[in-house]
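The values are calculated or read from the model by the stated rules, or taken from the named source; none is laboratory data. Quick caveat, the model's predicted, so the values are computed rather than measured. Don't worry about glycine lacking a Cβ; one is built from the backbone with ideal geometry, like all the others, and counts go over all protein chains shown.
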Amino acid sequence: MGHFEQAGQGVIKKLQQEFRNNLGSIENACNPDIIIGLSYHNIENGFSYYLALEVPNLDVIPQGMTGISVPAHTSATSQYEEENVHEVYSEVYNWIELNKYVLDQNELEHYEEFPFDYNPMTDSPKLKLHIPIQKK
């Protein structure tokens with residue numbers, strides 16, 4: 001994807017809209033009502049961001065798309081539906097610290113679930129945030 005500055009400029013919202021326009025090419029989705037955003041902080045001062053649907057396996061990957069396997073993990077999770085989406089991240093990170101957990105972000109920084117009917121260009125943010133954790 002790129003840098004955090006680009007995300008602040010709405011690049012992810014545009015990516016979400018493009019992905020929604022191509023959902024018909026993913027024929028074997030387990031839950032097509034939930035769009036998943038995967039954030040990997042694997043670039044210095046930046047990150048890679050993928051949009052996905054859960055599928056039972058990676059046997060059929062539509063042209064132009066990439067298959068990603070996310071290992072099972074425990075997550076701190078929060079539902080959010082307001083403008084200042086950064087607040088939910090702060091709240092979850094505080095909860096993690098207060099409840100004696102540590103981050104378990106070897107590769108995956110966090111992921112978000114968006115309802116299919118969420119339009120990132122016109123709607124206030126609606127998401128379920130998941131941050132991988134483990135006990136101290």
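A compact table of results
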quantity	calculated
Filter result for H110 (closer than 13 Å to G37 by Cβ and at pLDDT below 95)	yes
Some residue of segment 86-106 being aliphatic (A, V, I, L, M) and in a loop (DSSP other than H, G, I, E, B)	no
Residues that are under 13 Å from the mean Cα position of the chain (by Cα) and either surrounded by fewer than 12 Cβ atoms within 10 Å (Cβ to Cβ) or in a loop (DSSP other than H, G, I, E, B) (or both), drawn from segment 108-136	P125, K126
Count of segment 20-42 residues which are part of a loop (DSSP other than H, G, I, E, B) and buried (at least 17 other Cβ atoms within 10 Å of the Cβ)	1
Single residue of segment 95-125 satisfying the filter (in contact (Cβ under 8 Å) with a residue 60 or more places away in the chain and polar (S, T, N, Q)) that is nearest to T77 (Cα to Cα)	Q105
Contacts under 9 angstrom Cβ, first residue in segment 23-35 being at negative phi and at pLDDT below 90, partner part of a strand (DSSP E or B) and not aromatic (F, W, Y), 6 or more apart	L23/I35
